[in-house]
Amino acid sequence: MLEATSYSVTINMYVGNGYVQTGSFFVGHDKEEASELFAQLNGNSIAMSRTVLRLELMATNEQGLDTVLDTLGCTLCEMSENIKVILKETFRMLNMV
């Protein structure tokens, strides 16, 4: 049986020639909840700029293909606060079952 689309927030760091994923948080199978969680995070849309730290809201479909749904560039202070929010909200979502 195939699983539903899953959502995650990935942490990426710029290292010379591109971004490297350095971490990932599973945030469930509900797109609306994942999007609401991501909307709580601090940072700037990075459509035109390059930042050292980046968060991406990812969707992984049943075939294992990833799609970036949203992206934020963060300072180190914003990243640390965002990780607190992600952990708190993920704990809440997973324990509501």
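Inspect the stretch 53-63 for any residue being of a type in the set (Gly, Ala, Ser), in contact (Cβ under 8 Å) with a residue 40 or more places away in the chain and touching a Leu at 6+ places or on another chain (Cβ under 9 Å) and give the result as yes or no. Talk me through it step by step, then tell me what you get.
Taking the stretch 53-63 and keeping what is of a type in the set (Gly, Ala, Ser), we get 59.
From what is left, the residues that are in contact (Cβ under 8 Å) with a residue 40 or more places away in the chain are 59.
Subsequent filtering for residues that are touching a Leu at 6+ places or on another chain (Cβ under 9 Å) retains 59.
Among the residues of the stretch 53-63, at least one is of a type in the set (Gly, Ala, Ser), in contact (Cβ under 8 Å) with a residue 40 or more places away in the chain and touching a Leu at 6+ places or on another chain (Cβ under 9 Å), which makes the answer yes.
Scan the stretch 75-96 and tell me whether some residue there is more than 14 Å from the chain's Cα centre (by Cα) and at positive phi.
Looking for residues that are more than 14 Å from the chain's Cα centre (by Cα) and at positive phi, one finds none in the stretch 75-96, hence no.
Show me the strands (runs of 3 or more DSSP E) entirely contained within the stretch 5-97 in which 3 or more residues are surrounded by 17 or more Cβ atoms within 10 Å (Cβ to Cβ) and modelled with pLDDT of 95 or more.
Details: elements: 6-14, 19-28, 53-60, 66-74.
Filter on the stretch 5-97 gives 6-14, 53-60.
Per-residue answers, yes or no, for (1) in contact with a Gly (Cβ under 9 Å, 6 or more places away or on another chain); (2) farther than 16 Å from TYR7 by Cα:
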site: GLN40; (1), (2): no, no
site: ASN44; (1), (2): yes, yes
site: LEU57; (1), (2): no, no
site: ASP70; (1), (2): no, no
site: GLY73; (1), (2): yes, yes
site: PHE91; (1), (2): no, no
site: MET96; (1), (2): no, yes
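Given the criteria touching a residue at least 12 places away in the same chain (Cβ under 8 Å) and touching a Ser or Thr at 6+ places or on another chain (Cβ under 8 Å), does SER35 qualify? Step through it out loud before you land on a result.
On the way: touching a residue at least 12 places away in the same chain (Cβ under 8 Å): yes; touching a Ser or Thr at 6+ places or on another chain (Cβ under 8 Å): no.
In short, no.
The values are calculated or read from the model by the stated rules, or taken from the named source; none is laboratory data. Just so we're clear, the structure is a prediction, and the values are computed from it rather than from any experiment. Positions of Cβ are backbone-derived with ideal geometry, glycine not excepted, and every protein chain shown enters the neighbour counts.
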